[in-house]
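Values in this text are rule-based calculations from the coordinates and carry no lab data. Not measured: the values here are computed from a predicted model. Using ideal geometry, Cβ is built from the backbone for each residue, glycine included, and neighbour counts are taken over all protein chains shown.
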Amino acid sequence: MKKLLAIAVAAAITVPMAAMADTTVYGKGHMSIGKTEDISGMFVESHSSRIGLKGSNALDNGLTATHQFELGYNLIDEEGTISARNSWIGLKGGFGEFRIGRQTTPYSIVDDAAAFTTRNDHGLHTFNRLPNALAYINKF
């Protein structure tokens, strides 16, 4: 019930802002079918499926308001499990961009880019998203 309330509150805040801005609705559905070598046979898995809104709105003085609201879902889960993914609002300008909300940790971003193997094979990889995080993003 707490998750449903949190999703409703986030949607109530984000949707009006998204309606005024240049917003894109996006999503991905990832599934795989596999076969094991033993007697258990075939299996189906869902991988990082998601749906979201993202966009921006030009403000005065060269500033841009940005936003992203993204939910993950399991395509094969009969209970319709929904998970929190990156969801934030931000302010962008010549200084870079500040974002506040649930975001991927900097370590996860760098570790994912540096990994020469897939995420599942990378034993040291820890992919995290932190709630209530303030991030500064810039290209140095």
Q. Each residue of the range 49-64 in turn: what ³J(HN,Hα) in whole Hz from Karplus with 6.51, -1.76, 1.60 and θ = phi - 60°, glycine and Pro shown as x?
A. 6, 7, 9, x, 10, 8, x, 8, 9, 5, 10, 6, 6, x, 9, 9
Q: Please report the Cα spread of the range 55-99 along all three principal axes, rounded to whole Å, starting with the longest.
A: 49, 15, 10
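List the GluC sites (Glu not before Pro) within the range 41-109 that fall in a DSSP loop (any state other than H, G, I, E or B) and whose Cβ has at most 12 other Cβ atoms within 10 Å.
Numbers: sites: Glu45, Glu70, Glu78, Glu79, Glu97; in loops: Glu78, Glu79.
When the GluC sites (Glu not before Pro) of the range 41-109 are filtered for loop state and at most 12 Cβ neighbours within 10 Å, Glu78, Glu79 remain.
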